[in-house]
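The values are calculated or read from the model by the stated rules, or taken from the named source; none is laboratory data. This structure is a prediction, so every number in the text was calculated from the model and none was measured. In this analysis, Cβ positions are derived from the backbone assuming ideal geometry, glycine residues included, and neighbour counts consider all displayed protein chains. In case anyone asks, the SASA skips ligands and DNA or RNA and just uses the protein heavy atoms, side chains included. Shrake-Rupley method; radii C 1.70, N 1.55, O 1.52, S 1.80 Å.
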Protein chains: 2
Amino acid sequence: MPLGARCDLRDAACCGCEFARFADEPTSRCVARATASGFDFVVVDARDARRGSRFDARCDVAVMERMVVMRASAFATEALKRIANANANERTSDVGERGMVEDIAWARHAGAHATCVDVSRGDGRYNARLAAVVARELEANAHVKIWARVKVGGVRDDDAYVAWRAFAKACANADVRAAIEIGRDGVSEEGWRRWRGERVVAFVLRVDAFRTNAKGYPVLPRATQALAKEMFRLGAQVILSDRDDDGDELACVAPWDVDSDVKENEDGEGNRTRLYWEYLAYLFRGVEASSEQALAEAPYRDYLQIPLQPLMDNLENVTYETFEKDASKYNQYEEAVRMALVDGARQGDEAAVVMVVGAGRGPLVNAALRAAKSAHRDITVYAIEKNPHAVVTLQHLAQSDEWRGRVRVCPGDMRACDVGDVKADIIVSELLGSFGDNELSPECLDGAMSMLKDGGVSIPSEYESFIAPITAAKLHASAAAYKDLEHMETPYVVRFHRVHEIAEPKSAWKFSHPRKQQPSNERQVDLEFETTQPVTVHGFAGYFDALLYAGNSGTVRCSIHPHNHTMGPTGEPMFSWFPLYFPIREPVLAVAGDRVTLHLWRRVDAHKMWYEWLVSSPVQGPLHNINGRSYRIGL
Amino acid sequence: MPLGARCDLRDAACCGCEFARFADEPTSRCVARATASGFDFVVVDARDARRGSRFDARCDVAVMERMVVMRASAFATEALKRIANANANERTSDVGERGMVEDIAWARHAGAHATCVDVSRGDGRYNARLAAVVARELEANAHVKIWARVKVGGVRDDDAYVAWRAFAKACANADVRAAIEIGRDGVSEEGWRRWRGERVVAFVLRVDAFRTNAKGYPVLPRATQALAKEMFRLGAQVILSDRDDDGDELACVAPWDVDSDVKENEDGEGNRTRLYWEYLAYLFRGVEASSEQALAEAPYRDYLQIPLQPLMDNLENVTYETFEKDASKYNQYEEAVRMALVDGARQGDEAAVVMVVGAGRGPLVNAALRAAKSAHRDITVYAIEKNPHAVVTLQHLAQSDEWRGRVRVCPGDMRACDVGDVKADIIVSELLGSFGDNELSPECLDGAMSMLKDGGVSIPSEYESFIAPITAAKLHASAAAYKDLEHMETPYVVRFHRVHEIAEPKSAWKFSHPRKQQPSNERQVDLEFETTQPVTVHGFAGYFDALLYAGNSGTVRCSIHPHNHTMGPTGEPMFSWFPLYFPIREPVLAVAGDRVTLHLWRRVDAHKMWYEWLVSSPVQGPLHNINGRSYRIGL
């Protein structure tokens, strides 16, 4: 949705304005003025707007819902100042609170799209009474939208974040959204990155955040530009504001002329607000367009998927189809097989035996055949597959010109498959899940290794699981919405979007194949992650980094580790795996310097594999998924 | 149950022993020796006990379940030492852990009553892996009992408490109980008082906690005596132990002779263990016997009752009967009416009009008549009652000799009752709930005051609500057992037993009658409580303190404030009210010096009154009972 193209508030990336001078005008006129300058909606003061004649019938409910956000400022400006000066135990008057309650009720009555409430006071602390007012409003009116306005940046940046967190917790309601506000102080990148994992609905850009460039035009400092672009990417509404903390008008670096009587769609030189609007539009155009792949993935953004049960269920045709599209992955496999064939040339002139365990519809068979061609080696491929439906496809392909005489199809489970006396030089598998071992690759390959020659090669040869704490309010809310324990103890496959990685991923454990002995596939690890600022932990992100092959010819990896993600030949990232999200039952606020300590177990019994996890600092949490009660993968 | 009277572990206050020398004997022999010395059960090392011949068939399941507690010590002593020395990120071996898992499984197989696990290591910190082992055991085996052994006292006392809390939280299971252990260091009263609110199942008294008195007999220091008595009162099992942290034998101040081959029930001079046992029995006898009233209240201890809905429901006859038994309360009322009559004597010779609003079956009418007699004043009593069933009783009583001609029964709601032109000199009511205003006394009396003369008196004339943070693991677990939000947002009436008051109660608000204007009965307050040591907040205790009357003749109060509880003439405390328990959804661990900040609201609308509450420090919590969604009193 292009900026300013008469979208409404429910769409992404439209641009609104909040001007001090709107206080003197009826709401309908504010809307007309704003749209004339290119803006899509306005933010008006609820108290001003409900003053008698200022709310006129021309501004009907449809316009209110689409184009107007009300700001309930009374409690924040009047009552909070009084409370701030009062003794902690003094009973403060509830006059200011009542005014705010009335403001919010009036905004609801008028049909405003949302109501802004100021969460962070001058000292950055939050107010329990304000939170209570909002919690009650949301409890009583399911359709109401509250935007919690948080002034970020400056020396109180951390306090403002903590205030937002306390406010959201006090409301105990997933539907409170943040409107982050930037002024003269700007905000450091570290300061704003944590907001990527919060539920930010709007980005309020005050005119004092702008600087003037050499030509006298308003421009943003580089750090704020980066933030603005990120907000556009995340689909937040952008609001231009000339109001300071007290609602007074701010001086503009490029003063505008809202008094000139602009007509709708007029683009006159005299209207200086246009300069800001145009700058924002310019920034918006600078946000790189989404690739085709990114667009295809958009519906999966922040959507919780239950991981596959590859052993217990047979994959559907469409699932194979999706996986086979990932050229980057099969290129890596082809290269790994090629290197293994080249490095193994000393084994003589006999055709090398390549077994593809879990062949599916044959993509790895094709990769092996291509590899053999480029390595100038003869190979015989055994395609072992347990899914009888996929075996039909394989047997059909085995009659094709490319496969005939070179590929033998062996129906059956790789852990107990009869291939006669033949042993493989190379066993190739694609059993990895998002977290490496989470789709039972260790158990399956342990079973398949009896078919490998001594000194033979497994592709992959090893894979490591990585994990990192994340801020991901939306993911947590989605899991919590089920209102049961089970969904808070299940790892999900998720295309991360509104997710902030709090610390670098750390290695949890590693599996290697083939293995001499058969040690336990159980694992346990204690990991500590440092934090440098207040930040919320909603759970953990799981990734894998696999070594497909390492030998004289070189090394081939396959990884979704964010700092090492495998890219395809056209520069597209490999897309077969989204990361894993491990939720925790209660989000945890870590303050600067707190360590986040995670204890993670991979457990296995005769029938299943599962994970258990536990956060022991900064706040002790419960053990999750005890004995696999909520989530397990059947063996 | 007298100490040592061959009770079994399921009963309160029996006494067990854990002797180092038991390690060399079969379990059945340990039991025989212990009972011969007067003890009721033994604690034996699971690893020792399962060594081949040491577990013999004679010790059958019934004996195991009734008289044996196993101690799984392996993880604590071996593996934990290794882990303590390991780097935080080093993957520690799971040998010790597996040993512990086997110990616990073996204790379960053998049918032991419970398994002790050591929670606090040498450095007082808890171990996530140990917690995970226990959490899994409890999840998989509903009937298993785990006693988490925590060494209290000494410089690590606070660490041990925090370790227990983390352990209990990690297990996320209400059925983990604590066995607190006292050794040479003893423990301060402040240190042990917090355990009164925890789920303590056993009290392990190590022989090095004893001193020798002038006659060479083992005795406990005064502070430990007080703790031991408290443990007897709370029904904890007492265990005498001569084992140190590593399971080695401790030197005894009065060395015993367990090697002497005592026969069952033999009470020989030679068996010195008897000296300790006798001292414990002496302490037990020193615990004051429960009064008749305390025994009557025993079934209500820590039992959650939903508060009455006095306006919406009519009380049952049995409820009236219970309330009328409380002589101390009616004595206070009688005295208050007497003083009011005496002080009001200047009003002339006319009979004073006393209106009893909410007369029930007439106890306040009787109190007023008794007061008039001792004040030598004539009175006319109007008995106003809305419950038609109680009115039948009142009308019957009005024909009695005592009442005839002096009492007029007026059926109806005091807020809209037609008593003609007559106005009261004194209005008497007993509408107070545990928290003062929680049964709608303010709303009812506001309605009744139109019947009061100018300058007339209301008894009570004012009442104040008090609130304090408490540790009350059992109460919290009982509310949480319903597994719904509603029960975590409801205040309960509870006879406190295993409850620790963290800080002095503070005043929340006060109501006075009669009032000139009719201001709002809504209230809100922000309260801060200081903590001096690590302690857990499971919610808040609510009390009232009422001023029935204050005048020239004196002052009469009626209070359940713990520091000001009204006592009856025989020294029995007034028992009509148990305190109110306000739960919070998640228990909060406050560390030393943390402030516990509570925000509390009394809210009223046209149909109902309700409370909302919110804890904002040390950890931000959610607003409870928003808009009265889970609990309200109908008007």
Residues in the range A:164-179: is at least one more than 14 Å from chain B (Cβ to nearest Cβ), within 22 Å of the chain's Cα centre (by Cα), open to solvent by less than 50 Å² (accessible area, probe 1.4 Å) and within 22 Å of residue A:240 (Cβ to Cβ)?
-> yes
Note on the range A:233-243: residues in contact with a helix residue (DSSP H, G or I) (Cβ under 8 Å, 6 or more places away or on another chain) and in a loop (DSSP other than H, G, I, E, B) are A:234, A:242
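Could you say which residue among A:504, A:489, A:522, A:462 is within 14 Å of chain B (Cβ to nearest Cβ), open to solvent by 10 Å² or more (accessible area, probe 1.4 Å) and at pLDDT 95 or above?
Values: A:489 fails: open to solvent by 10 Å² or more (accessible area, probe 1.4 Å); A:522 fails: at pLDDT 95 or above; A:462 fails: within 14 Å of chain B (Cβ to nearest Cβ).
Only one candidate qualifies: A:504.
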Go through the residues of the range B:574-586 one by one and say whether even a single one is free of Cβ contacts under 8 Å to residues at least 24 places away in the same chain and more than 14 Å from every other protein chain (Cβ to nearest Cβ).
-> no
Among (1) closer than 17 Å to residue B:458 by Cα; (2) out of contact with any Gly (no Cβ under 9 Å at 6 or more places or on another chain); (3) β-branched (Val, Ile, Thr), which single condition is residue B:392 missing?
-> (1)
Considering (1) of a type in the set (A, V, I, L, M); (2) within 28 Å of residue A:343 (Cβ to Cβ); (3) surrounded by fewer than 18 Cβ atoms within 10 Å (Cβ to Cβ); (4) within 40 Å of the chain's Cα centre (by Cα), say which one residue A:392 fails and leave the rest.
-> (2)
Does the range A:436-454 hold any residues that are open to solvent by 10 Å² or more (accessible area, probe 1.4 Å) and of a type outside the set (A, V, I, L, M, F, W, C), and which are they?
-> A:439, A:443, A:446, A:447, A:450, A:453, A:454
Can you name every residue in the range B:288-316 that is small (Gly, Ala, Ser) and either open to solvent by 60 Å² or more (accessible area, probe 1.4 Å) or under 16 Å from residue B:439 (Cβ atoms) (or both)?
-> B:289, B:290, B:296
Considering each residue of the range A:605-615, count those that are more than 10 Å from chain B (Cβ to nearest Cβ) and buried (at least 21 other Cβ atoms within 10 Å of the Cβ), and give that number.
-> 3
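Right, residue B:364: buried (at least 22 other Cβ atoms within 10 Å of the Cβ) and in contact (Cβ under 8 Å) with a residue 60 or more places away in the chain or not?
Working: buried (at least 22 other Cβ atoms within 10 Å of the Cβ): yes; in contact (Cβ under 8 Å) with a residue 60 or more places away in the chain: yes.
Judged against the criteria, residue B:364 is a match.
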Quick check, is residue A:457 in a strand (DSSP E or B), open to solvent by 10 Å² or more (accessible area, probe 1.4 Å) and not acidic (Asp, Glu)?
-> yes
State whether the residues of the range A:493-501 include one that is within 14 Å of another protein chain (Cβ to nearest Cβ), in a strand (DSSP E or B) and open to solvent by less than 50 Å² (accessible area, probe 1.4 Å).
-> no
Complete set of residues in the range B:546-593 that are among the β-branched types (Val, Ile, Thr), under 16 Å from the mean Cα position of the chain (by Cα) and modelled with pLDDT under 90 = none
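Residue by residue, here is whether (1) under 30 Å from residue B:116 (Cα atoms); (2) assigned to a loop (DSSP other than H, G, I, E, B); (3) at pLDDT below 85 holds:
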site	(1), (2), (3)
B:254	yes, yes, yes
B:257	yes, yes, yes
B:265	yes, yes, yes
B:276	yes, no, no
B:282	yes, no, no
B:299	yes, no, no
B:303	yes, yes, no
B:309	no, yes, yes
B:315	no, yes, yes
Where residue A:618 falls short, out of the listed (1) open to solvent by less than 40 Å² (accessible area, probe 1.4 Å); (2) in contact (Cβ under 8 Å) with a residue 12 or more places away in the chain; (3) within 13 Å of another protein chain (Cβ to nearest Cβ) = (1)
For residue B:319, all conditions in the list (1) surrounded by fewer than 18 Cβ atoms within 10 Å (Cβ to Cβ); (2) over 26 Å from the mean Cα position of the chain (by Cα) hold save one; what is the number of the exception?
-> (2)
Please give the helices (runs of 4 or more DSSP H) falling wholly within the range A:1-113 in which 1 or more residues are at pLDDT 80 or above.
-> A:27-36, A:46-49, A:61-67, A:95-110
Please state which one of B:131, B:140, B:135 is out of contact with any Pro (no Cβ under 7 Å at 6 or more places or on another chain), surrounded by fewer than 24 Cβ atoms within 10 Å (Cβ to Cβ), within 14 Å of another protein chain (Cβ to nearest Cβ) and among the aliphatic types (A, V, I, L, M).
-> B:140
For the subset of the range B:338-357 comprising residues that are open to solvent by 20 Å² or more (accessible area, probe 1.4 Å) and in a loop (DSSP other than H, G, I, E, B), which member is modelled with the lowest pLDDT?
-> B:348
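Here is a list: A:565, A:624. Which entry is more than 14 Å from chain B (Cβ to nearest Cβ) and on the phi < 0 side of the Ramachandran plot?
Sole residue among the options that is more than 14 Å from chain B (Cβ to nearest Cβ) and on the phi < 0 side of the Ramachandran plot: A:565.
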Restricting attention to the range A:154-161, does a residue exist that is open to solvent by 10 Å² or more (accessible area, probe 1.4 Å), within 14 Å of chain B (Cβ to nearest Cβ) and part of a helix (DSSP H, G or I)?
-> yes
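Mind checking which residues of the range A:535-553 are crowded, with 20+ Cβ neighbours inside 10 Å and either of a type in the set (A, V, I, L, M, F, W, C) or assigned to a loop (DSSP other than H, G, I, E, B) (or both)?
Within the range A:535-553, A:535, A:537, A:540, A:541, A:544, A:546, A:548 meet the criteria.
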Determine if the range B:173-188 includes at least one residue that is part of a helix (DSSP H, G or I), free of Cβ contacts under 8 Å to residues at least 40 places away in the same chain and among the charged types (D, E, K, R).
-> no
Residue B:633 being at the interface with chain A (Cβ under 9 Å from one of its Cβ atoms), open to solvent by less than 10 Å² (accessible area, probe 1.4 Å) and either more than 23 Å from the chain's Cα centre (by Cα) or of a type outside the set (S, T, N, Q) (or both) | no
Just one listed residue, out of A:510, A:423, is within 14 Å of another protein chain (Cβ to nearest Cβ), touching a strand residue (DSSP E or B) at 6+ places or on another chain (Cβ under 6 Å) and touching a residue at least 12 places away in the same chain (Cβ under 8 Å), and it is A:510
